[in-house]
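**Student:** Let me begin by handing over the structure; questions about it come next.
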Amino acid sequence: MDSDDLEPRAKKAILKDLEIMGVAELEDYIAGLRSEIERAQAVIDRKQSHRGTAESLFKS
């Protein structure tokens, strides 16, 4: 068994039909996307910080 078999498979994002959405709905959708981007960036920052800490421990 390959270790890749144990990894969850990334699902393809289902794109929303933006044409049927009103302006207010689109603005709410954008706000939600920005919030999700901020959440993802926070995880990236935390992981990079942990990695830097681990690397500094092993450099000694």
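**Student:** Checking residue 41 against (1) surrounded by 10 or more Cβ atoms within 10 Å (Cβ to Cβ); (2) polar (S, T, N, Q); (3) modelled with pLDDT under 90, which test does it fail?
**Tutor:** Of the numbered conditions (1) surrounded by 10 or more Cβ atoms within 10 Å (Cβ to Cβ); (2) polar (S, T, N, Q); (3) modelled with pLDDT under 90, the odd one out for residue 41 is (3).
**Student:** Okay, moving on. Could you say which residue among 25, 19 is modelled with pLDDT of 95 or more, outside any loop (DSSP other than H, G, I, E, B), surrounded by 10 or more Cβ atoms within 10 Å (Cβ to Cβ) and not aliphatic (A, V, I, L, M)? Don't jump to the end; show me each part of the working.
**Tutor:** On the way: 19 fails: surrounded by 10 or more Cβ atoms within 10 Å (Cβ to Cβ).
The match here is 25.
**Student:** On to the next question. Here are 56, 49: which of them is surrounded by 10 or more Cβ atoms within 10 Å (Cβ to Cβ) and either part of a helix (DSSP H, G or I) or modelled with pLDDT under 80 (or both)?
**Tutor:** 49
The values are calculated or read from the model by the stated rules, or taken from the named source; none is laboratory data. All values derive from a computational prediction rather than experimental measurement. So basically every Cβ, Gly included, is an ideal-geometry build from the backbone, and we count neighbours across all protein chains shown.
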